[in-house]
1. Only one of these is touching a residue at least 12 places away in the same chain (Cβ under 8 Å), more than 9 Å from chain B (Cβ to nearest Cβ) and of a type in the set (Asp, Glu): A:ASP133, A:ASP143. Name it.
2. Cβ-Cβ below 9 Å, separation at least six or inter-chain, first residue in the range A:268-287 and hydroxyl-bearing (Ser, Thr, Tyr), second surrounded by 12 or more Cβ atoms within 10 Å (Cβ to Cβ): which pairs?
3. So which residues in the range A:162-180 are more than 9 Å from chain B (Cβ to nearest Cβ) and touching a strand residue (DSSP E or B) at 6+ places or on another chain (Cβ under 9 Å), if there are any at all?
4. Would you confirm, using the coordinates I've provided, whether A:PHE146 is more than 21 Å from the chain's Cα centre (by Cα), crowded, with 20+ Cβ neighbours inside 10 Å, assigned to a helix (DSSP H, G or I) and modelled with pLDDT of 85 or more?
5. It is to be established whether one or more residues within the range B:217-232 are at the interface with another protein chain (Cβ under 8 Å from one of its Cβ atoms), of a type outside the set (Phe, Trp, Tyr) and surrounded by fewer than 21 Cβ atoms within 10 Å (Cβ to Cβ).
6. Could you list, in sequence order, the residues of the range A:144-161 that are more than 13 Å from A:GLU183 (Cα to Cα) and touching a strand residue (DSSP E or B) at 6+ places or on another chain (Cβ under 9 Å)?
7. Which one of these is out of contact with any helix residue (DSSP H, G or I) (no Cβ under 7 Å at 6 or more places or on another chain), in a strand (DSSP E or B) and either modelled with pLDDT of 90 or more or surrounded by 15 or more Cβ atoms within 10 Å (Cβ to Cβ) (or both): B:TYR74, B:TYR174?
8. Any idea how many residues of the range B:48-90 are within 14 Å of chain A (Cβ to nearest Cβ) and within 23 Å of the chain's Cα centre (by Cα)?
Amino acid sequence: MLALGQDEIAKYPFLADAGQYLKDQGFSLEQFGSDPDLKQLIEKAYERIRVAADGKIYKSDLDGDHVSNSAALPREVFSFLLAIVLLKLSGMHTLIKRFSLAEARRAEKYLEKDLANISDESKNQLAIRVIDDLFSVQVEKLDNYFVIPVSNYLKHSINFHEREWKLINRHVEDGKVYLSPHETVRLIRKELGTYINSKIINARTPAMIPGFEDSVNKLVSLSKKFVTYTVTTGEYPPCVKHAIEILEKGENLPHSGRFMLATFLLSKGQPVQQIAPLFKNAPDYNERVTLYQLNHLAGTSGSGTHYSCPSCEKLKTQNLCYATSECDNIINPLQFGRKKNNARR
Amino acid sequence: MQDVDIKFLENSFKKYYFEHFDQIKVPGRTSEREFGYQKFNSGMTRHIAIKDNKELHLMIIQNIPSDIYCSNAYYTFPNLPMNEKDWKEADLIFDIDAKDLNLSCRENHTVSICNECNEVTKNTSQCSKCNSTKLEKKSLTCKNCINASKTEVSKLSEVLIDDFAITKDNIHVYFSGNEGFHVYVYDSQFQEIGSRERSELTDYISLRGSIPETFGMKKLKQDRASFPDFDEKGWRGRFAKQIFGSKSKRSKIITELLTNGYSSFQKTLDDLSESIGVKIDPNVTMDIHRIFRLPGSINSKSGLTKIQCNDLTKFDPYIEASFLSDDTVEIFANCPIEFKLKNKTFGPYINEIVTVPTFAAVYMICKKLARIA
């Protein structure tokens, strides 16, 4: 693990060993529940979570990347560590997810600043090392760009659905992708969130600490805001409709199209016997083979693997996407027609 | 296919394998790969592990397969079921097939075989005899198809070398034995990437999914300076060469592009993908568990051999990939299209008994356009 200075721990508190940090600073968790001065920090920690739950980034006491007040540093780290304790005590996974994402966004800002810092080479190097150590992305500085191997880039970029992240929309040269500091950091946002999330999930849940109860209860009621209900229209997405049309006309639907149609209908709960007749107009129809393949996809024969419906992105590559405005930026045909209602109470 | 035809094909293939074992070698890291084969009129046998050339040759002689395959992937346990194999990495493979190139010549050398009544006609959408629409298409690939496929191979190599820093030595080109080429890339940074990443690579190579901003066109705040220049690397450079043509026209064309607007520019990009994007089959590249025809083995769609092309420009598959014997055989042929093999022209044959060399007989029987008389 990296050796971090005080201000770096404040910027990237998830890199610190929480227990060790408290010990080094000479505190125990119980003290935060009982000591009136320290108790404010629980309030601060709660606030840090509440802001995150609202989808905003917690406004830190750190001013830029230097610190105005030496007392602010440990406070900043404590509020992060206490927030984790509160989240563990409340057991609310939706809040942990939102908190991790917001903290990732916060750290992202610092990483970006550190990467772009041309006056302090050590800051630059630290950011590059954090990215390499945590996410195995080998960043190299080249003039004003950060360049990373294409294979490295792809491992992360495939998680994005915006077209600008597609490799084709990137500056590619000599096996490397050229990125700005902002893009470099943005590339690992999801993994940073996942990293923080897994650190929290894997942290030990302490027994309830006197003085923490109120904040924990507040978190439990806060999390109720985020229950979502899903309503489905039941209509098929255009890609599936198109595939059915092709088959009805007796034209040839490529293997990839058949795979999409079958996995889609299986996921919607249709039984194999009901799906098989759809293929009977195909030029090469063979009932025995069709049933075998459908059972294979459903996982009822063969290896037992249940195959899932390909993503919109994959269908685009295969020329099977016929998106309409009704698709509404879904990322998998199975989401078509689903309306999310946030039950804000 | 009737038994006597299968027997004939098996004998011809067996003779080839006996006489050309030097052509059929196991690929590197043999014991980590999965092998498979098919016999005539039978399903696929796969999940086979093979140690060396000797074992491979034994498998061939024991089974006389119609087709032999080998994985591009490396596994810890290649002979176990798919989810227990423990996938390690896979060579990057591209498939360029003449049938995907939308060539105008295809119409002239494609025949339709009716699945219901076996009637053979020149390319049609409905059987002229029984009106069935269940037709099997067979193409007798022409020189134009091969040349167009070669062009795609060259375009692909250029992108691989210039954009992805792959060395020329690590790119091997094979004639597939039927209508196209397989391009293998060894020891690249892409060995360990998965299926979704490979799919992104194929989009890049085929210039698919690009947005106007990438080539300098913006919705608001238009800026002439952000359009590509001739000396730029990658697709921006290729865009400049294709769209501007010459340096002197650059300025004038940028003005036109700006006047036509953003959505028209998107259309330009889609057309560009069609004209200069490399036409590879994305499904082949992104399948990391596939088994590919083994180099040196015969393709049962044609009777031609899958062989490596060392000089692509000069390569003529209809001379160099035809290894079957010249011994003549009598067949009943219904092949309405003329074709050329080993510098000899055959057909058209309309429901007639003809005597032809084995290599030509095999070609027609494989295409279901003839049977042993």
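The values are calculated or read from the model by the stated rules, or taken from the named source; none is laboratory data. What you see is a predicted model, and the numbers here were worked out from it, not measured in a lab. Using ideal geometry, Cβ is built from the backbone for each residue, glycine included, and neighbour counts are taken over all protein chains shown.
1. Numbers: A:ASP143 fails: touching a residue at least 12 places away in the same chain (Cβ under 8 Å).
From the options A:ASP133, A:ASP143, the qualifying one is A:ASP133.
2. Hits for this filter: A:TYR285/A:PHE279; A:TYR285/B:LYS134.
3. Filtering the range A:162-180 for residues more than 9 Å from chain B (Cβ to nearest Cβ) gives A:162, A:165, A:177-180.
Scanning the range A:162-180 gives A:VAL177, A:TYR178, A:LEU179, A:SER180.
4. Numbers: more than 21 Å from the chain's Cα centre (by Cα): yes; crowded, with 20+ Cβ neighbours inside 10 Å: yes; assigned to a helix (DSSP H, G or I): no; modelled with pLDDT of 85 or more: yes.
So A:PHE146 does not fit the description; no.
5. Kept after step one, since they are at the interface with another protein chain (Cβ under 8 Å from one of its Cβ atoms), are these residues of the range B:217-232: none.
Checking the range B:217-232: not a single residue is at the interface with another protein chain (Cβ under 8 Å from one of its Cβ atoms), of a type outside the set (Phe, Trp, Tyr) and surrounded by fewer than 21 Cβ atoms within 10 Å (Cβ to Cβ).
6. Of everything in the range A:144-161, those that are more than 13 Å from A:GLU183 (Cα to Cα) and touching a strand residue (DSSP E or B) at 6+ places or on another chain (Cβ under 9 Å) turn out to be A:PRO149, A:VAL150, A:ASN152, A:LEU154.
7. On the way: B:TYR74 fails: out of contact with any helix residue (DSSP H, G or I) (no Cβ under 7 Å at 6 or more places or on another chain).
Testing whether each residue is out of contact with any helix residue (DSSP H, G or I) (no Cβ under 7 Å at 6 or more places or on another chain), in a strand (DSSP E or B) and either modelled with pLDDT of 90 or more or surrounded by 15 or more Cβ atoms within 10 Å (Cβ to Cβ) (or both) leaves just B:TYR174.
8. 2
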